[in-house]
Amino acid sequence: MRFGSAPPRCGGQSSSPTMAATMKKAAAEDVNVTFEDQQKINKFARNTSRITELKEEIEDKKKQLQNLEDACDDIMMLDDETPKIPYQIGDVFICHSQEETLDMLEAAKKNLREKVEALESRVESISQVLSELKVQLYAKFGNNINLEADES
């Protein structure tokens, strides 16, 4: 036995800050994931994927709409004496007068605008579902779950 030395610690709590952080982390990792929780996480993932697809589709439709508007502008610049303007329907080009072609382009633009509006309303409804799921999942899992989209 040595004199003057501190007695060894026996099975008590450590006062080390890293030990406390490790214990806190271990307690946080002990959150049980139920079947319902897993279903919510899966639903969140599916809806996030779907919303990304819809946003890409909206961008594509907006580019098509811009192309139609550019075509309308180009046709308006033509002389009224231009005999016929080819208009593609499917794989076939049909020649129409300037007025008929403008009417067809306006109808196509209206159709695309309606599709964009429908897609945007679907994105809005899915966004509402996602925010509800975020609230529920963050309430249960806190910082142990990351539901934010990667901006890479």
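Here are a few things to note about the model shown:
- Residues of the stretch 39-60 that are among the charged types (D, E, K, R) and more than 20 Å from E114 (Cα to Cα): K40, K43, R46.
- Yes/no for K140 being over 22 Å from the mean Cα position of the chain (by Cα), touching a residue at least 40 places away in the same chain (Cβ under 8 Å), in a helix (DSSP H, G or I) and closer than 28 Å to K43 by Cα: yes
- For the residues I75, I89, I94, the requirement of being hydrophobic (A, V, I, L, M, F, W, C) and touching a helix residue (DSSP H, G or I) at 6+ places or on another chain (Cβ under 7 Å) singles out I75.
- Selection over the stretch 125-136 of residues that are closer than 25 Å to E59 by Cβ and among the β-branched types (V, I, T) gives a count of 2.
- Those residues of the stretch 100-112 which are surrounded by 14 or more Cβ atoms within 10 Å (Cβ to Cβ), touching a helix residue (DSSP H, G or I) at 6+ places or on another chain (Cβ under 8 Å) and more than 22 Å from T52 (Cβ to Cβ), in sequence order: T101, L102, L105, A108, K109
- Residue in the stretch 93-110 that is touching a residue at least 24 places away in the same chain (Cβ under 8 Å) and in contact with a strand residue (DSSP E or B) (Cβ under 7 Å, 6 or more places away or on another chain) present: yes
To keep it simple, each residue is scored yes or no on (1) modelled with pLDDT of 95 or more; (2) within 27 Å of D60 (Cβ to Cβ); (3) surrounded by 11 or more Cβ atoms within 10 Å (Cβ to Cβ).
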| residue | (1), (2), (3) |
| --- | --- |
| Q88 | no, yes, no |
| E120 | yes, yes, yes |
| V123 | yes, yes, yes |
| Y138 | no, no, yes |
| G142 | no, no, no |
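- Entry remark, the stretch 114-152: residues being in contact with a helix residue (DSSP H, G or I) (Cβ under 7 Å, 6 or more places away or on another chain) and within 30 Å of D70 (Cβ to Cβ) number 6 in total.
The values are calculated or read from the model by the stated rules, or taken from the named source; none is laboratory data. Quick caveat: nothing in here was measured; it's all calculated off a predicted structure. Here the Cβ is made from the backbone with ideal geometry for all residues, glycine too, and neighbour counts use every protein chain on show.
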